[in-house]
Amino acid sequence: MWNGVLCGLLAGAMWGMVFIVPELLSAFTPLEMAVGRYTAYGAIAFGLMLPKLRNLLGRLEHSDYMALLRHALTGNIVYYMLLALGVKFAGVAPTSLIIGVLPISVTLMGRNDHGAVSLRQLALPLLVVGAGIACINVDVFQHASATGQPMLKTLIGVVCATGALLSWSWYTLDNARYLKRNPHYSSAEWSALYGLSTGLIAAVIGGIAFAIFHGDVTGAAGAASGRDWTLFWICNSLLALGASVIGNQLWNIASRRVPVTLSGQLILFETLFALLYGFIYKQQFPRPLEIAAIVLLIAGVLWSVHVHAQEEQLSPA
């Protein structure tokens, strides 16, 4: 189990980079960034699996194709699009509040899975995690500027953010369950297949957007200030390699080795590393509520790990 926890931590370190790239590529739209990242992910995955591509594709069954399709959509493309729409219409603070419920939603949705610890045993760790999430979002609300936008737009954003939460929660559970039911695929193989399927779907979406907007997916002039396409592809390629290829492979290993009730808590490492990278990028120290949130999140995750470790020792071999 501890190897799974370590892999989950390292996956969070990779995923935390996702929150920095939009700052570097602020002149580009979420659609452009999504298409760029996931087509780069697909290209890298294709290169990695090329030597054994024929053998691997020959082993795929209909159920595998369906799993890859739904995981590529719910875990990457649909999730990212809904998240971007949530931020656009509702703002960062409300969207963060909704997405921040992810560890609790995954734990609750996976409470009946094999190896899951009862919610009674996890009540206090989850309460600590909830307090940490509350601290993060209270701090965001306190420092967010008022937008003054119509309530309908905010409501649309909240619905989209809720959809993103449900999409990622469902993907996390379905992916973990599928990997455990199909041990004949290694974590590296499944990650490569997942990347290839995501890249193909992203390429199709990008092609459609290109055709509709005649090469300008923003619908605006392509010469907008700061639209450095060299930087765009460098950032998205690095993000595809680190967060998607390496991060997803580490997460697949973690998903196989820990119960889903614990994997939900390990996702919090992404939040912690995102905060760390953000402080470094902005060259500022965390505020008091941010410090409290970091401490509470770490305490909640470590407490949950301890509860699962005790349960594993008490379980019959």
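Throughout, read-outs are computed from the coordinates displayed, never taken from laboratory work. In this text the structure is predicted, and so the values were computed from the model without any measurement. Cβ: placed from backbone, ideal geometry, glycine included. Neighbour counts: every protein chain shown.
If we count other beta carbons within 10 Å of each Cβ, what is the order of Tyr38, Tyr185, fewest first?
Tyr185, Tyr38
With N set to the number of residues, divide the alpha-carbon radius of gyration of region 2-312 by 2.2 N^0.38 Å and report two decimals.
Compared with the compact-globule rule of thumb, region 2-312 sits at 1.00.
Taking the Cβ of each residue in Met14, Met81 as the centre, tally the other Cβ atoms inside 10 Å and list the residues starting with the fewest.
Met81, Met14
With 10 angstrom as the radius, rank Thr172, Thr162 by how many other C-beta atoms surround their C-beta, starting from the fewest.
Final ranking by Cβ density, sparse to dense: Thr162, Thr172.
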